[in-house]
Amino acid sequence: MEITLNHYLILSAVLFTIGLIGALTRRHIIIMLVCLEIMLNAANLNLIAFWHFGPNPILLHGPLFTLFTIAIAATEAALGLALVLAIYRHFKTVDLEQVQDLKE
Amino acid sequence: MNLFNFTDSVGWLMWVPICPLIAGVFLALLKPSGRVSAFVAIAALAVSLILSLKAFAMTWGHEAQIETHNFTWMHIGGVDLEFGMVLNALTGSMLAMVSLIGLLIFIYSWSYMSHDDRMGRFFCYLSIFMVGMLGLVVANSLLLFFMFWEIVGLASYLLIGFWFQKPSAAAAAKKAFITTRIGDLGFLIGLLWAFKATGTFLLFDNGSGILETTQIAALAASENVMFGMNTAGAIALFLFIGAIGKSGQLPLHVWLPDAMEGPTPVSALIHAATMVAAGVFLVARAFPLFIADLAMLEVVAWFGAFTTLFAALVAVGQYDIKRILAYSTVSQLGLMMVGLGAGGLALKEGGISIGMFHLLTHAFFKALLFLGAGSIIHGCNDEQDVRLMGGVFSKMKISSIAYLAGTIALCAFPFTSGYFSKDQILLSAWTASGPIFWISAIASLLTAFYMTRQCCYVFLGKYRGKGHVHESSPIMTVPLVILAVFAVALGYVSEHFYHILDYLSGVHVHQHESIVVIISWIIALGGIGLGLLVYARAKLGIDETDPVKKVFPVPYRWLENRLYADEFYEATAFKLWDVLAILITVLEAIMNQLVDFVTVVVRNIGSFFLNTIDKRVIDEVSFDGTCSRIYNSSQINKLIQNGFLQGYLRLLTGGAVLIGILLIVFTR
Amino acid sequence: MITTITFIPLVAALAIVLAPSANRGMIKILALVGTLISSVLAIQLVLHFDFGGELQFVEKYAWIPSIGVDYFLGIDGLNALLVLLVAFLSPIFVLASWKVDEKAKTYFSLLCLQITALYGAFTALNFFHWFIFWEGALVPVFFLIKLYGGDGRHKAAISFFIFTVLGSVAMLLGVLLLYLNTGSFDFIELRKLAVEGVIFEKLGVLYPTIFVAVMLGLWVKVPLFPLHPWQAAAYAEAPVAVSMVLTGVMSKMGVYGFLRLVVPVFPEAIRDYSNTLLNLTLITILWGAFLALRQSDIKRILAYSSLNHVAYCMFGIFAVGAAMGVDKINAPAIAMQGAILQMFAHGIGASGLFYVAGKMEEVGGTRDIRAFGGLGTVMPRYAFVFSFLIFSSLGLPFLAGFAAEILIFSGVFSIAPIHTGFALLGLLATAIFLLTIIQRIFTGKTNATHFGATDISYGEVLIILPLLVLTVWIGVAPSTWLILSDQFVQTLVSLLIR
Amino acid sequence: MTVAFYIMAAIAVLGAVMAIALRNVVHAVFSVLLFFSALAGLFILLLAEFIAVVQVLVYIGSVGILMLFAIMLTTKVTGDPTRKLLSRGWAWGGLVSGALLLAFLVPLITQSKSESNSQLSNFNPSVKDLGLTLMDPYFASVGVIALLLTAGLIAAVVAASSASGE
């Protein structure tokens, strides 16, 4: 069977959901960030797939968009991890459940 | 560079400063004991003296001849920055004088400093000084001249601050260095300008040096470069600023009296005989530039005239024996400037002789006076206040006679050396300008007066100080005697038997005016007579009012306070300088505040991210306000808004699911 | 060869990371050996430098051909002296931090990393990896200040970081724009294009913008007014060796960048804006000097004095742009040679000064000079070394500072006499505050608290001795060093002067 | 092609699942690296080589390393297995996620036609084209991104440092 756009979309949907599940259920804050990255990557896969099978690939929109996403994702990761450090210093834990200062 | 060829080229002249340099480095690195240090330094200087005398002998009789030896220091972009040595009458005579007086003072210091445990260091500094002084005398490059000039400044700084444990000595050293540096910056501009205009730093270079006719003609050709002067005049003006700083001329004289904080041999060597004369020597060396613009000569003469009168006046009101001599030095240096300026106006090139002759004679008798003063201070148990001396003559015969010999020379008593040289200055001033002549004449009269006053204080009456007066050791008195002979005889011998004036400038100098001779007799004898009249019979002492003060109390207090020159600078230049510094500090503080502000902003953005929802903005203003209302009204919200991050996320996902369902349903 | 020199300290850094952290002696020895090998090799390399030739010891390999990035290293007249500077100073940096014991592992590995970056930044000839080294030099310093600095280290590190990163971003954008228009990251290639006038033509309206953008990064690094406020705090709060790195080498990176990236590539702009550039430099000179007058923190005084001295370099460089032509003394060449020599001389002298200033903090526990007095009596050796360096710094003839400054002034005076006149005021202020330091610390009565102070050991004298010898050497025989850059300067000047 | 796709997809799913399922945080990060590389492989299959390279550089090279660093700085270097894996109310999370997956998949599966012909076979995008497009029409965006990255960098530094500074 030939690989079509749908294959990629389903794969990316599955990956995204895996990431989401992780983000919604795990209690380790770093794992949560890891899951965010997984979701972003799933989205990237989507973008590239649409470009590849799209009507006008010569415009290179897909890779460009992905490039920007990756750049932002990298920043986000750096920032997020810095925040993790800050949270860790403040609460002395990386357990999300114990980090519940937001309601105050 | 052929340093070892002692016959043809003059490259060996470099050995004159190198000898003391070797001694200085040796003393600095190996730190031998005091005795050995003194021996090494004296031996090295003796070698320099021999070489200097050889140089002197070579120039004697070959006045107009100029021999040079140049070499490249740096080579940049096809241009050479050259250094060199020059040998002419000016070099020869100055070398002989500097190394001879230097040697005598070295010998004197051997005894004077023998009780100081840092004697080795002292001789090291003295050697460095001799390096600079001898170096600038032989230098054939304005740049090299400047470099040695600065070395001299450094040595002076080190020696004034030799007893650095005394705060006043340290302060005086700093003051001296900085004040002279103001002048040095002028010198620096002058030499840069000369370099720009001529393309060389060399003074003499087979016709293309700065001081040689072709270049001078080119420099003088440009009209009205600055203040109506031509380029040569402008360069000369800046060089003269350097000379003002080094030679303690009027606006920048304040450091010289304070420099007396140093050991007495230092005062004698540096601040009387040699270093301060370097400024005068600079003007003499660069004299062709000065004659190229007559306005510049007038400037020199007027500065000199004001300085000589000012300092002579102040000297009348001083009590510290070294301070009197210091002001006297300032005054005499002013007189040399008058000699150069007025001499240049009257005699063109011959002006060099007028100023330099006085420089040479003055070096001998002023060194003598300082060493004598040192000897007296030693004898009076380190007392410097003349009011606490008295009756010294009978106790210290040799020192006193030598000192008196110096005094009469300084007063220009007929047929002493001071008489001949000062006579020449007055003669040329008479030809050049009436006011300058009369100012100089009054200053000379005052000179005779205050020297007589000082001698009356020191030698007459009874001893007023503590302890006993005792004569100094022979090592100290022998140099005094030698110097005394020079002080008395040098003028007559050199002028009448050897025509030193013709020798110094290389042109025939002859001036004669009977009336001036008569006036100068009147001045010298009158000044001394007046002094004796006022002070010989008066009661002197620390508790007594000075006889002049009794008559003119207010002006005399001004003189005692040195005509408020220091206070004037304190109130003007220092304030201005401080205001500038404060202004910039304030501006910088404002800039730093700005930077801090930016840093704070960046930090706040950071902490905004840090807390995800910033407490102050969201909680208090919008979120908290809205939230509390909902909170009160609804119980469901309480379940959701529990501050648990993943709780929010799950809600968010639920929302996304809802949107997805809506899309599926409605796009079908 | 250059690669070897550059990366040996990095290898040392890695070795230090792997070394047991308890064994501090081994860590220090590793750092010292690493830097020493590099230094010896670098000196050896420069000894074989052919003075008449252009670029030498070239290493050029295609790296990312599609965007024209080569791995391109080489030594010419400009960086030979700077490589020597790093070679002379880097072992001294390590020796100067011999007393660091806390977190020694991190410290020495960062220091070695720093030295790699310095070698790299001075020898790289392609913007791409030059920039990596350039930024790479920034990061270790940031951490060294932040982790090992004085009381105000956090603020100092942050403002240092913000200023330099913003500057670097501006420069990066500028160079990217330059690349887009010219298609080259290669310094040598860019210079050739500039000579042919291609750059000026191609950039068109963007030319001034790109020029300013590229310049900003360097302007911060030097630094020049008004982008200097990070400097004093960083110099003052950094640990001793890092202050030495900052003043001795990092500030020279900025000047080097000007000579490598700005002056040859934007000669038109340097000419057109020479007046503004000279004015700003003059302000920096006076600014630094006058600020130093009213400080009492020794490292701050030295920091401002460094601001003032490095500005002299830029003074010489910018004056070349203002020159109307080559006159009989070839003033532009003299000024530029002076600037290059000043980089070297100041690198040596200022590092030494910061070293001895660090010693002062050790003795008195404070950097405030008002707390000292009469140290000359109890610490004569220290007083000698300190005064020696101070006199070199205030421009005493036959010492390093003078040789460089007289060249700068002789060159600049022929081009911009009024500016020079004002700049000399800076020289006066320098003398005042430097002598005030001596007066405060060494003269007068000895403070009771310092009676027990021990003089610097002969070991410490030995550390500083090479610097003293070099100071005299530069001062007495500057030709030894000038000859390296002579050819380069003549070429560059002929390029700038039409 | 087909086989390659399935292998890559399997690795990617496996990596992702392991990342969220493993107890040991360090192991989880390593498995997410596996996931990243599988995705890079997929990008290559989709003829986006440059993106694949960037993927490797940025994600595996820097993000992964950053995460490892963060773990080391917060927990022990080995990364101790967390005692409690899931947070409270995890079932809700699983539920909504499952719902979202359904919301994704329903239209995909029910969709009748799906094209497979790629236009890319007749032209090969080079890195150069990409770079030119990036720097020419999208230059402003690049600038904005650069500034954003700087701001993010500074923020990260501040966030990581200020907590300790005060």
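The values are calculated or read from the model by the stated rules, or taken from the named source; none is laboratory data. Since this is a predicted model, take the numbers as computed values, not measurements. Cβ sites come from the backbone with ideal geometry, for glycine too, and all protein chains shown count toward neighbours.
Quick rundown of the values:
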{"item": "Tally of residues being surrounded by 21 or more Cβ atoms within 10 Å (Cβ to Cβ) and either touching a residue at least 60 places away in the same chain (Cβ under 8 Å) or within 14 Å of the chain's Cα centre (by Cα) (or both) across the range D:55-72", "result": "4"}
{"item": "Number of positions in the range B:153-168 that are in contact with a Lys or Arg (Cβ under 8 Å, 6 or more places away or on another chain), more than 7 Å from chain C (Cβ to nearest Cβ) and of a type outside the set (Ser, Thr, Tyr)", "result": "2"}
{"item": "Residue check, D:ALA21 more than 7 Å from chain A (Cβ to nearest Cβ), surrounded by fewer than 18 Cβ atoms within 10 Å (Cβ to Cβ) and farther than 20 Å from A:GLU76 by Cα", "result": "yes"}
{"item": "Residue list for the range C:370-384, filter: surrounded by 23 or more Cβ atoms within 10 Å (Cβ to Cβ) and either part of a helix (DSSP H, G or I) or touching a Cys at 6+ places or on another chain (Cβ under 7 Å) (or both)", "result": "C:LEU375, C:TYR382"}
{"item": "Pair list, Cβ under 8 Å, 6 or more apart: the range C:49-77 residue over 19 Å from D:LEU132 (Cα atoms), other residue small (Gly, Ala, Ser) and exposed (fewer than 13 other Cβ atoms within 10 Å of the Cβ)", "result": "C:ASP70/C:ALA62; C:TYR71/C:ALA62"}
{"item": "Filter pass, B:MET147 being without any contact (Cβ under 8 Å) to a residue 24 or more places away in the chain and either in contact with a strand residue (DSSP E or B) (Cβ under 9 Å, 6 or more places away or on another chain) or assigned to a helix (DSSP H, G or I) (or both)", "result": "yes"}
{"item": "Which numbered condition A:PRO55 fails, given (1) part of a helix (DSSP H, G or I); (2) within 30 Å of D:SER141 (Cβ to Cβ)", "result": "(1)"}
{"item": "Within the range C:322-350, tally of residues that are surrounded by fewer than 24 Cβ atoms within 10 Å (Cβ to Cβ) and in a helix (DSSP H, G or I)", "result": "1"}
{"item": "Tally of residues being in a helix (DSSP H, G or I), farther than 18 Å from B:SER473 by Cβ and touching an Asp or Glu at 6+ places or on another chain (Cβ under 8 Å) across the range B:81-123", "result": "1"}
{"item": "Subset of the range C:455-498 [within 19 Å of C:VAL265 (Cα to Cα) and among the β-branched types (Val, Ile, Thr)]", "result": "C:VAL489, C:THR491, C:VAL493, C:ILE497"}
{"item": "Qualifying positions in the range A:43-76 - under 15 Å from D:LEU132 (Cα atoms), free of Cβ contacts under 8 Å to residues at least 12 places away in the same chain and more than 7 Å from chain D (Cβ to nearest Cβ)", "result": "A:LEU59, A:HIS61"}
{"item": "Where a residue in the range B:393-411 is in contact (Cβ under 8 Å) with a residue 12 or more places away in the chain and assigned to a helix (DSSP H, G or I) and its partner, wherever it lies, is of a type in the set (Asp, Glu) and surrounded by fewer than 18 Cβ atoms within 10 Å (Cβ to Cβ), with Cβ under 9 Å and at least six apart", "result": "B:LYS395/B:GLU471; B:LYS397/B:GLU471; B:ILE398/B:GLU471; B:SER399/B:GLU471"}
{"item": "Yes/no for B:GLY339 being surrounded by 24 or more Cβ atoms within 10 Å (Cβ to Cβ), among the small types (Gly, Ala, Ser) and in contact with a helix residue (DSSP H, G or I) (Cβ under 8 Å, 6 or more places away or on another chain)", "result": "yes"}
{"item": "Selected residue (only one of C:SER109, C:SER184 is under 21 Å from C:LEU36 (Cβ atoms), more than 21 Å from the chain's Cα centre (by Cα) and among the hydroxyl-bearing types (Ser, Thr, Tyr))", "result": "C:SER109"}
{"item": "Criterion violated by C:PHE93 - all others in (1) loosely packed, with under 14 Cβ neighbours inside 10 Å; (2) in a helix (DSSP H, G or I) satisfied", "result": "(1)"}
{"item": "Residue within the range C:283-300 that is closer than 30 Å to B:GLY161 by Cβ, of a type in the set (Ser, Thr, Tyr), away from chain B (no Cβ under 13 Å) and in contact (Cβ under 8 Å) with a residue 40 or more places away in the chain present", "result": "no"}
{"item": "Search result, residues across the range D:104-133 that are more than 9 Å from chain A (Cβ to nearest Cβ) and either modelled with pLDDT of 80 or more or in a helix (DSSP H, G or I) (or both)", "result": "D:VAL106, D:PRO107, D:THR110, D:SER121, D:ASN122, D:VAL127, D:LYS128, D:GLY131, D:LEU132"}
{"item": "Matching entry among C:LEU173, C:LEU218, C:LEU166, C:LEU178 (being more than 13 Å from chain D (Cβ to nearest Cβ) and either part of a helix (DSSP H, G or I) or crowded, with 16+ Cβ neighbours inside 10 Å (or both))", "result": "C:LEU218"}
{"item": "The listed residue being in a helix (DSSP H, G or I) and at pLDDT below 90, out of C:LEU278, C:LEU261, C:LEU353, C:LEU307", "result": "C:LEU261"}
{"item": "Positions within the range C:426-448 being of a type in the set (Lys, Arg) and at the interface with chain B (Cβ under 7 Å from one of its Cβ atoms), in sequence order", "result": "C:LYS445"}
{"item": "Failed item, numbered, when D:LEU73 is tested on (1) within 10 Å of chain A (Cβ to nearest Cβ); (2) farther than 25 Å from A:PHE91 by Cβ; (3) not charged (D, E, K, R)", "result": "(2)"}
{"item": "Flag if A:PHE16 is more than 20 Å from D:LEU22 (Cα to Cα) and either more than 7 Å from every other protein chain (Cβ to nearest Cβ) or at pLDDT 85 or above (or both)", "result": "no"}
{"item": "C:GLY395 vs. criteria surrounded by 24 or more Cβ atoms within 10 Å (Cβ to Cβ), under 21 Å from C:GLN439 (Cα atoms), within 11 Å of chain B (Cβ to nearest Cβ) and of a type outside the set (A, V, I, L, M, F, W, C)", "result": "yes"}
{"item": "Set B:PRO251, B:PRO263: member being without any contact (Cβ under 8 Å) to a residue 60 or more places away in the chain and either under 30 Å from B:PHE122 (Cβ atoms) or under 13 Å from the mean Cα position of the chain (by Cα) (or both)", "result": "B:PRO251"}
{"item": "C:GLU361 vs. criteria charged (D, E, K, R), assigned to a helix (DSSP H, G or I) and within 11 Å of chain B (Cβ to nearest Cβ)", "result": "no"}
{"item": "Matching option when the condition is over 23 Å from B:ALA405 (Cβ atoms) and in contact with a Cys (Cβ under 6 Å, 6 or more places away or on another chain), among B:GLY506, B:GLY465", "result": "B:GLY465"}
